[in-house]
Amino acid sequence: MSDPLQRLRDAYSVRTVSGLTRRLRPRPVGGDGLVDLAGNDYLGLSRDERVVSAAAAAALTWGAGATGSRLVTGTTVLHADLEAALARFAGAPDALVFSSGYLANLGAVTVLGGPDVLVVSDAVNHASIVDACRLSRSRVSITPHRDVGAVERALAGRAEEHAVVVTDALFSVDGDLAPLPDLHAVCRNYGALLVVDEAHALGVVGDRGRGAVYAAGLAAEPDVVRTVTLSKSLGSQGGAVLGASEVIQELIDRGRPFIFDTGLAPASAAAALTALRILASTPELVATVRARASELAWAARSAGLTVTRPDGAVLSVTIGDPHAALHAQAICAEFGLKVGCFRPPSVPEGRACLRLTARADLSDAEVALAARAFTMVARSLRIPSRH
């Protein structure tokens with residue numbers, strides 16, 4: 001009999017040689033002493049006393065978990081209040097809360113897709129969108145990144161009666177924005193729905209952080225569906241779909257990731273609701289995080305590194321080789337910085353990078369520390385400074 005686990009050991013060995021293995025690093029109580037430029041707590045609200053207190057109070061009131069699916073016992077008044085607040089804040093007709101942003105994407109795309117639906121997806125969409133496309137039972141057309149012409153050709157040449165175009169609003173690695181007005185114009189011309197994942201745009205893009213769809217003037221359009229996460233700018237956990245009442249009802253009736261999943265914990269719903277209220281009343285948070293992202297990009301570029309222009313809080317420094325990217329991450333840690341290191345399959349071959357995220361509560365000293373670390377990374381990679 002052959003060893004059924006040998007293929008896994010072989011695959012692990014190949015990944016090890018290629019610098020593509022991963023491991024979990026539990027955060028200690030009180031943190032690890034590193035400045036966080038890797039997490040997605042863009043507005044610094046995950047540890048805000050008001051947000052944490054709301055979560056604790058909800059746990060004491062409702063218990064540790066939702067106790068069941070949203071259609072059975074998993075819906076509380078907190079969920080209903082959060083859905084109303086999200087819709088109102090983002091200018092959407094209606095909203096439905098899921099237990100994660102990943103499941104919100106799975107729910108939206110699988111319910112709106114089907115055998116008679118063409119799904120058109122940007123080549124660098126998030127993995128949750130990729131998985132949703134695979135599960136949608138639709139024919140899927142993958143178009144080059146931000147290529148509106150390719151989207152139009154896919155829609156014009158389709159045999160299916162219906163179509164859905166799905167894109168990140170702000171892409172999660174390079175931090176660039178999708179051309180939403182142009183995409184919507186094409187969708188409207190060919191009778192397609194536009195699904196936009198606002199995970200990295202909510203709280204960072206647009207007036208008061210209402211998102212890229214709102215900023216593009218598309219919030220009230222009936223043929224635009226948004227997904228959001230509650231785990232980034234809102235510092236909590238969970239996700240939601242925003243859209244027309246017909247879309248929300250379809251998700252309630254047929255959305256498997258909604259129907260068969262335990263509801264979002266009440267504590268997380270309360271935390272997200274409180275964070276949303278803080279965001280709505282503190283617009284300077286949005287301007288601050290955007291400014292910090294620009295400062296980090298300038299520091300990396302001045303050191304000679306190749307860095308993306310941030311349209312939100314996310315930016316990436318292209319390294320190329322996975323081993324070199326890991327080395328650059330280690331140098332940053334020596335300077336007291338925690339940065340993300342993205343390697344295949346998270347990014348294409350040859351595109352390993354440091355993925356950096358700004359926070360509204362970063363200090364001037366921490367940005368200066370990052371600048372010194374970037375200079376040392378460039379020296380290690382033998383890249384000349386641009387000063």
**Report entry** Any pair with Cβ under 7 angstrom, 6 or more apart, that starts in region 17-33 at a residue that is under 14 Å from F342 (Cα atoms) and ends at one that is in a loop (DSSP other than H, G, I, E, B)
**Finding:** G19/R343; L20/R343; L20/P344
Query - Residue among A300, A269, A287, A324 that alone is open to solvent by 50 Å² or more (accessible area, probe 1.4 Å) and of a type in the set (G, A, S) - result: A287
Requested in this report: Would you be able to tell me the number of residues in region 47-76 that are in a helix (DSSP H, G or I) and not polar (S, T, N, Q)?
Outcome: 12
Requested in this report: Would you mind listing the strands (runs of 3 or more DSSP E) fully within region 190-282 where at least 3 residues are touching a residue at least 24 places away in the same chain (Cβ under 8 Å) and within 30 Å of G63 (Cβ to Cβ)?
Outcome: 224-229, 239-243
Query raised in the report: Does V317 satisfy being within 30 Å of A11 (Cα to Cα), β-branched (V, I, T) and part of a loop (DSSP other than H, G, I, E, B)?
Result: no
Query raised in the report: Could you give every pair whose Cβ atoms fall below 8 Å, whose first residue belongs to region 80-97 and is free of Cβ contacts under 8 Å to residues at least 60 places away in the same chain, and whose second residue is of a type in the set (G, A, S) and not in a helix (DSSP H, G or I), counting only separations of at least 6 or pairs across chains?
Result: A84/A95
Requested in this report: Select from region 332-347 the residues that are assigned to a strand (DSSP E or B) and at positive phi and list them in ascending order.
Outcome: none
Report summary line: Residue hits (region 172-185; modelled with pLDDT under 95 and open to solvent by less than 10 Å² (accessible area, probe 1.4 Å)) are G175
**Report entry** Of residues in region 15-58 being among the acidic types (D, E) and farther than 22 Å from A330 by Cβ, the one surrounded by the most Cβ atoms within 10 Å (Cβ to Cβ)
**Finding:** D41
Query raised in the report: Looking at A358, is it closer than 14 Å to S316 by Cα and touching a Lys or Arg at 6+ places or on another chain (Cβ under 6 Å)?
Result: yes
Report summary line: Result of the Cβ filter at 8 Å on region 116-144, keeping first residues that are part of a loop (DSSP other than H, G, I, E, B) and partners that are hydroxyl-bearing (S, T, Y), at least 6 apart or interchain, is A123/T143; N125/T167; H126/S172; S136/T110; R137/T110
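The values are calculated or read from the model by the stated rules, or taken from the named source; none is laboratory data. The structure displayed is predicted, hence computed values, not measured ones. Reconstructed Cβ throughout: ideal geometry from the backbone, glycine too, with neighbour counts over all protein chains shown. Surface accessibility is based on the protein's heavy atoms, side chains included, excluding ligands, DNA and RNA. Shrake-Rupley method; radii C 1.70, N 1.55, O 1.52, S 1.80 Å.
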